[in-house]
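A.B. asks: If you scroll down you'll find the structure; I have some questions about it.
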Amino acid sequence: MSTDTINALVLFANFILVPGITYGSQLALGALGITLVYAVLRFSNFAHGDTMAFGCMFTILTTWWLQSMGVSLGPLPTALLALPVGIAMTAVLVIVFDKLVYKHYREQKSAPVVFVIASVGVMFVTNGLVRFIIGPNDQQFSDGMRFLVRARDFKKATGLDEGLTIKLTQGLTVVIAIVAMLLLFYFLQRTRTGKAMRAYSDNEDLALLSGIDPKKVVITTWLIVAALTTLAGVLYGLDKSFKPFTYFQLLLPMFAAAIVGGVGKPLGAILGGFIVAFSEILLTYAYKKLIGYIAGERPETLVQLLSTDYKFAVSFMILVVVLLWRPTGILRGKTI
Amino acid sequence: MIRVENLVKHFGGVKAVNGVSLTIEEGTITGLIGPNGAGKTTLFNCIAGAFPPTGGDIYLDGERITGLKPHELFSRGLLRTFQIAHEFSTLTVRDNLMMVPGEQPGESLWNACVFPTRAHTREKEISDRVDDIVDFLNIKHVEHELAGNLSGGQKKLLELGRTMMVDAKIVFLDEVGAGVNRTLLNTIGDAIVRLNQERGYTFCMIEHDMAFISRLCDPVIVMAEGEVLATGTAEEVQQDEGVIEAYLGGGRKVAKNTDAAS
Ligand SMILES: Nc1ncnc2c1ncn2[C@@H]1O[C@H](COP(=O)(O)OP(=O)(O)OP(=O)(O)O)[C@@H](O)[C@H]1O
Ligand SMILES: [Mg+2]
């Protein structure tokens, strides 16, 4: 392999593969929450993005408090230590909203669209809470070691022109996402409560006629969703930064991910997360340098299909295409 | 055991059940027959809590149960099967059955983590029961299949299997026999009788197969157009003029008409 090819590969890994896998894992965790709510509670939860912000916010507040107490995890971000608090607060939030809002409509057997509208209300309230408590601005809360692999060190070690950077937060995102997903699948496939959730999602009438306690199923679902959203929110925040509005915007790619994969299917949400992440990155990346390495000559223009300003439009396009071409998504979703 | 008083259920303009009063005595296998659209399934749905009746009351052992939710009735020992078989299509046949008994220790995260052995003992018990049932119903070879892939008749068997998973007081069977082959139908009949005699289950079953009804049921209640037409033993109702006209013997009625025409 020529040096140019290797340089091209490194460039590809650095700007597309690594960010894609990281962003994909974050979206997948978010989409899993959406898909679980859809499968078990049967509505599209528009408050999901802001719930994510809420969980991340409490993790940040706890992180700051821990930092002020001089507690740290050494090379790892202190936020990991604060994560359980964020998850617990989010669990309280979603369960309180369930009791105050969704429970009523569930008892009325309201149409799904009623739930969706209710969730828009919940979204505004959550959003208000977050802005009220932490404000609308950007917050940095990542501390500890910054890089797993540094571009400079990589270049020195390999003697290549192109460097590879892997941030610690990127590595953490992928590891934590994999562990969370494995736990989730184990839970759904093997445990009695997980099976009860699947049963309830599959056939509610019948579940009610068995010993399945719907209240328990609903609470368990919210608990899992709280954990998944907070994880997604914190990992995204550590990787980029925390800003309430960004989390609201993430709603679109997360929904796109859930729907592409087949809404209601956990595996689909993961698949969808990566599809959306890579589409966004592949369509907004400027290929000038990469083509230069491969063709031996750099093109005049940037060779960028879409400006990065349009990255949310990518999710939108994916949504439109999927809804037109295969509305049930890749895995033919509906139930888990 | 079950007492229904003046039960009414309207769907918009359709009077599906229109003032039904009946009792189901403890220990009986009560048959419920009647033409299509007579309101039999609707009556079951009201009793089993699928939807609240428009009017009237239902009592279980003297206690009013009108409007209770299906799972509340389940915990009181009132079970039902569906005319159109319901199953958890994405769970295996085995898991479908394992799902039925409520209050399993493995269900609470606390118990599952802190007393895993307790959860295991109970799970073993339930699992043994599942073994017996799949053997009994001849569905052992498909126990690890997804229930959604079963044939229509097998789904019916699964429905019946579900009711055998717990100690029920009263079971409402909505055409368990429909779509099941003859030999198996007899086996199911035997199972019902055995559950009735050995475990003291009370049954109320809707069925269109008159021979099957005659063999198992006493008394038999006949419904037509949302009302109870007759009650009695299988022979009695088969002799009943009104019943023959409305349900059993279209033949006689046609004969009469041709007489009149000629
Ligand atoms: N959910 C519903 N909404 C509207 N109408 C209904 C509903 N369920 C039943 N009906 C109507 O009520 C009437 C009685 O139906 P039901 O299912 O109780 O009959 P059935 O006696 O069980 O008949 P079959 O022997 O065919 O099963 C029918 O006219 C039916 O159209
Ligand atoms: Mg019927």
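A.B. asks: In terms of modelled amide H atoms, which long-range or inter-chain residues lie less than 5 Å from the amide H of B:L229?
C.D. replies: Those qualifying (amide H under 5 Å, at least 5 residues apart or on another chain) are B:V222, B:M223, B:A224.
A.B. asks: Determine ³J(HN,Hα), in whole Hz, for all residues of region A:190-201 in sequence, where each value follows from phi through the Karplus function 6.51 cos²θ - 1.76 cosθ + 1.60 and θ = phi - 60°; x replaces Gly and Pro.
C.D. replies: 10, 8, 4, 5, x, 5, 4, 4, 5, 4, 4, 5
A.B. asks: Next up: Report the convex hull volume per residue for the protein assembly as shown, counting only C-alpha atoms, in Å³. Provide the component values of the computation, followed by the final result.
C.D. replies: On the way: hull volume 130.8 nm³, N = 598.
That works out to 219 Å³ per residue.
A.B. asks: With charges only on Cβ, +1 for K and R and -1 for D and E, what is the dipole size of the protein assembly as shown about its Cα centre, in debye, rounded to 20?
C.D. replies: Working: 53 positive and 54 negative charges, 447 e Å.
The calculation lands at about 2140 debye.
A.B. asks: Going from most exposed to least, what order do B:R94, B:R129 have by accessible area with a 1.4 Å probe?
C.D. replies: From most accessible down to least: B:R129, B:R94.
A.B. asks: Compute the FRET efficiency between A:Q304 and B:S127 as 1/(1 + (r/R0)^6), taking r as their Cβ-Cβ distance and R0 = 56 Å, and round to the nearest 0.05.
C.D. replies: Numbers: r = 59 Å, r/R0 = 1.06.
About 0.40, to the nearest 0.05.
A.B. asks: Moving on. If I ignore ligands, DNA and RNA and count only protein heavy atoms, how much of A:E297 is accessible to a 1.4 Å probe, in Å² to the nearest 10?
C.D. replies: Number for this one is 140 Å².
A.B. asks: Taking H placed 1.01 Å from N in the peptide plane, check which residues at least 5 places from B:L32 or on another chain put their amide H under 5 Å from its amide H.
C.D. replies: Distant-sequence amide H within range of B:L32: B:M205, B:I206, B:E207, B:I221.
A.B. asks: I would also like to ask the following. Report ³J(HN,Hα) in whole Hz for each residue of region A:269-286, in order, from the Karplus equation J = 6.51 cos²θ - 1.76 cosθ + 1.60 where θ = phi - 60°; Gly and Pro get x.
C.D. replies: Calculated HN-Hα couplings, in order: 4, 5, 4, x, x, 6, 4, 5, 4, 5, 4, 4, 6, 5, 7, 9, 7, 8 Hz.
A.B. asks: For A:W64, A:W325, what's the largest-to-smallest order of accessible area, 1.4 Å probe? Kindly include the intermediate steps, with their values, before the conclusion.
C.D. replies: Working: A:W64 90, A:W325 200 Å².
Ranked from most to least accessible, the order is A:W325, A:W64.
A.B. asks: In addition: Compare B:N186, B:N45, B:N96 in a GNM of chain B, Cα atoms joined below 10 Å, and give the one with the largest fluctuation.
C.D. replies: Of B:N186, B:N45, B:N96, the most mobile in the Gaussian network model is B:N186.
A.B. asks: Other chains' Cβ within 10 Å of A:191-204 residues: what's the mean?
C.D. replies: For peptide A:191-204, the averaged partner shielding equals 6.
A.B. asks: Roughly how much of B:D57 is accessible, in Å² to the nearest 10, using a 1.4 Å probe?
C.D. replies: 40 Å²
A.B. asks: Run the 1.4 Å probe and let me know the accessible area of A:D205, rounded to the nearest 10 Å².
C.D. replies: 90 Å²
A.B. asks: Additional query: Using the per-residue mean of other Cβ atoms lying within 10 Å as a proxy for protection, in what order, highest first, do the peptides A:82-88, B:168-174 fall?
C.D. replies: Descending mean neighbour count gives B:168-174, A:82-88.
A.B. asks: Over all directions, average the projected area of the Cα convex hull of region A:159-231 and note it in nm².
C.D. replies: Approximately 6.9 nm², given one-decimal rounding.
A.B. asks: Structure shown: which of A:K155/A:K288; A:K215/B:K155; A:K167/A:K240; A:K216/B:K69; B:K9/B:K169; A:K109/A:K215 lie over 18 Å apart, alpha-carbon to alpha-carbon?
C.D. replies: Result: A:K155/A:K288; A:K215/B:K155; B:K9/B:K169 exceed 18 Å.
A.B. asks: If you take the C-alpha gyration tensor of chain B, multiply each eigenvalue by 5 and take the square root, what semi-axes do you get, largest first, in whole Å?
C.D. replies: Output for chain B: semi-axes of 36, 22, 16 Å.
A.B. asks: Right, another one. Roughly what % antiparallel, to the nearest 5, for the DSSP beta bridges in chain B?
C.D. replies: Working: 22 of 37 bridges.
Of those bridges, close to 60 percent are antiparallel.
A.B. asks: Could you state the number of Å between the C-alpha centres of region A:1-68 and region A:229-250?
C.D. replies: 8 Å
A.B. asks: Which semi-axis lengths, in whole Å and largest first, follow from the square roots of five times the eigenvalues of the Cα gyration tensor of region A:205-294?
C.D. replies: Ellipsoid semi-axes (Å, largest first): 36, 17, 10.
A.B. asks: Across the residues of A:210-222, average count of Cβ atoms on other protein chains within 10 Å? Don't jump to the answer; show the numbers that get you there.
C.D. replies: Values: counts 15, 12, 8, 5, 3, 1, 3, 1, 0, 0, 3, 0, 0.
Per-residue shielding by partner chains comes out at 4.
A.B. asks: Right, something else. Evaluate the distance, in nm, between pseudo-label points positioned 7 Å from the Cα of A:W325 and of A:D161 along their respective Cα→Cβ axes.
C.D. replies: For A:W325 paired with A:D161, the spin-label model returns 3.6 nm.
A.B. asks: Assigning unit charges at the beta carbon (Lys, Arg +1; Asp, Glu -1) and nothing else, what dipole magnitude in debye, to the nearest 20, does region A:3-325 show about its Cα centre?
C.D. replies: So the dipole magnitude of region A:3-325 works out to roughly 520 debye.
A.B. asks: In whole Å, how far is the Cα centre of region B:2-49 from that of region B:148-198?
C.D. replies: 21 Å
A.B. asks: Another question about this same structure. Reachable aspartates and glutamates from A:K289, Cα under 17 Å, same-chain residues fewer than 8 places away excluded?
C.D. replies: Those aspartates and glutamates meeting the cut-off are A:D4, A:D161, A:E162, A:E297, A:E300.
A.B. asks: While we're on this one: Where a ≥ b ≥ c are the square roots of the eigenvalues of the C-alpha gyration tensor, would you call region A:9-127 rounded, which needs a/c under 1.5, or, failing that, prolate if a/b is larger than b/c, or oblate?
C.D. replies: Verdict is oblate for region A:9-127.
A.B. asks: Once A and B are treated as a pair rather than alone, how much accessible area drops out, both sides summed, in Å² to 100, probe 1.4 Å?
C.D. replies: Counting both chains, the buried surface is close to 2200 Å².
A.B. asks: Under the Karplus relation 6.51 cos²θ - 1.76 cosθ + 1.60, θ = phi - 60°, what is the ordered set of whole-Hz ³J(HN,Hα) values for region A:39-52, x standing for Gly and Pro?
C.D. replies: So the Karplus estimates, Gly and Pro as x, are 5, 8, 9, 6, 8, 8, 8, 6, 7, 4, x, 6, 5, 4 Hz.
A.B. asks: Return P(r) of region B:1-154 (all Cα-Cα pairs; 10 Å bins starting at 0; whole %; ordered from short to long distances).
C.D. replies: 9, 28, 30, 24, 8, 1
A.B. asks: If you average 1/r over all unlike Cα pairs in chain A and invert the result, what Kirkwood radius do you get in angstrom?
C.D. replies: Evaluated over chain A, this radius sits at 21.0 Å.
A.B. asks: Another one. Amide H neighbours of A:L148 under 5 Å, counting only residues 5+ apart in sequence or on other chains, H built in-plane at 1.01 Å?
C.D. replies: A:I166, A:K167, A:L168
The values are calculated or read from the model by the stated rules, or taken from the named source; none is laboratory data. These numbers come from a predicted model, not from an experiment. Neighbour counts run over all protein chains shown; Cβ positions are idealised from the backbone, glycine included. Heads up: the accessible areas ignore ligands, DNA and RNA and are worked out on the full protein's heavy atoms, side chains in. Shrake-Rupley method; radii C 1.70, N 1.55, O 1.52, S 1.80 Å.
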